[in-house]
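Remarks on the structure that follows.
Values quoted throughout were computed directly from the atomic coordinates according to the rules given, and no laboratory measurement underlies them. Bear in mind that the values here come from a model prediction, so they are computed numbers and not experimental data. As a convention, Cβ positions derive from the backbone with ideal geometry for all residues, glycine included, and neighbour counts pool all protein chains shown.
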Amino acid sequence: MDFEYSAKTQNLMKRLGAFMETEVYPNEQRFLAEVAAGDRWQPTRIIEEMKEKARAQGLWNLFLPESTLGAGLTNLEYAPLCETMGRVPWAPEVFNCSAPDTGNMEVLVRYGTAEQKRQWLEPLLEGKIRSAFAMTEPEVASSDATNIRCTIARDADFYLINGRKWWTSGANDPRCKVFILMGKTDPDNPSRHRQQSMILVPREAPGVNVLRNLPVLGFDDAPHGHAEVVFENVRVPASNLLLGEGRGFEIAQGRLGPGRIHHCMRLIGLAERALEKMCRRSLSRVAFGKPIAEHGVTLARISESRVLIDQARLLTLKAAYMMDTVGNKVAAKEIAMIKVAAPAMACRVIDWAIQAHGGGGVSDDFGLAHAYASARALRLADGPDEVHHAAIGKMELRRYRT
């Protein structure tokens, strides 16, 4: 395994880092002020302005491995760039690299028809619209996706969709124009993994009703947010189905692998920034006659944070390398491992950073409370820890079965 960054990646790292220093970090407070003023769910001017600058500098659509539509980077090449963007929660949108749009664009690239790509992928790649992914449901344990109850019923040249989804990220955003929805087309199929399909649902279709925003530990994440959505007799053309009936799990596996590793890459950046804040704060605060940094407990936490972050990064790079070289299916264990390790690591490091900041750590002044909420939510998103541990355990045991 060679984790030396390619010349192309090193060039992009330098340019992206400079953009973050000159454009993103200096405008963090402006972003918060714009969100707080007026309608919290309207797009901010500052991000729209930065998008134009990023696009002009070629810092646009940096994901999409194995596609000519992005920057032509592998997962391994994209990893340090995604980590850099992850240092500020809203920064990925500036480069058109934010979830759930990245995952949805990858679905359309891999499984969309020419017409589906023209209608939805092209404006997503241009940053003209946003999208949402509707899979999780409130009435069932969605960690077992075979439980989903949302129905996709054929009706001549159309499908009728009925169901309730939640944690549909981005559905509150007025720029959200399309959902990728998972539901059941064949609930009686003897194979529990062939009952589901995925379909494209226009946000403006009659019967699509966004009920409410769902805050994460008190943070509404406006103007993006996470919504509960009801689909009531939503009628869409049969041509909106992705890949074919019964192919929903196949698409989900193709989508969630890259989505999971992107989350982990961003979390590493978030944890790195928390460690930086912890170090600076502990050097400047004095308690019991000396800087907090000189107390043994703080030194131990800084040390362990460095170890945990580097461990998670190396595991993430290994997973990315395997995705590039042997494919997502063979890399399933490594992807599951990072999905467990990275959020747990970030939660611990950010929690220690909060402690180093004292009361300020749980305020909005340092961004750590929101960072912790985001990291904690990712122990549930794209599959909870328990599901990934079960998968890892089963794959490990296969090595010892006759």
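Screening region 1-76 for helices (runs of 4 or more DSSP H) wholly inside it with 2 or more residues that are under 20 Å from Arg313 (Cα atoms) returns the ranges 7-19.
Would you be able to say whether some residue in region 317-338 is more than 20 Å from Ser282 (Cα to Cα) and among the polar types (S, T, N, Q)?
At the first step, the residues of region 317-338 found to be more than 20 Å from Ser282 (Cα to Cα) are 317-338.
Okay, now just the ones that are also among the polar types (S, T, N, Q), so 325, 328.
Yes, region 317-338 has at least one match.
Of everything listed in (1) assigned to a helix (DSSP H, G or I); (2) under 20 Å from Arg255 (Cβ atoms), the single unmet condition for Trp352 is (2). Consider region 340-386 and keep the residues that are more than 20 Å from Pro258 (Cα to Cα) and polar (S, T, N, Q). The one that is farthest from the chain's Cα centre (by Cα) is Gln355. Taking strands (runs of 3 or more DSSP E) as the structural unit, those lying wholly within region 184-251 and holding at least 2 residues that are surrounded by fewer than 17 Cβ atoms within 10 Å (Cβ to Cβ) and free of Cβ contacts under 8 Å to residues at least 24 places away in the same chain correspond to 208-213. Filtered by the rule that a residue be surrounded by 13 or more Cβ atoms within 10 Å (Cβ to Cβ), closer than 16 Å to Ala227 by Cβ and not charged (D, E, K, R), region 115-154 gives Ser131, Ala132, Phe133, Ala134, Met135, Thr136, Ser142, Cys150.
Scanning region 113-128 for residues that are outside any helix (DSSP H, G or I) and touching a helix residue (DSSP H, G or I) at 6+ places or on another chain (Cβ under 7 Å) returns a single hit, Gly127.
Which residue, of Arg281, Arg285, is over 23 Å from the mean Cα position of the chain (by Cα), crowded, with 18+ Cβ neighbours inside 10 Å and more than 23 Å from Pro65 (Cα to Cα)? I'd like the intermediate steps shown before the answer.
Details: Arg285 fails: crowded, with 18+ Cβ neighbours inside 10 Å.
Sole residue among the options that is over 23 Å from the mean Cα position of the chain (by Cα), crowded, with 18+ Cβ neighbours inside 10 Å and more than 23 Å from Pro65 (Cα to Cα): Arg281.
The number of residues in region 356-372 being crowded, with 17+ Cβ neighbours inside 10 Å and in a helix (DSSP H, G or I) comes to 7.
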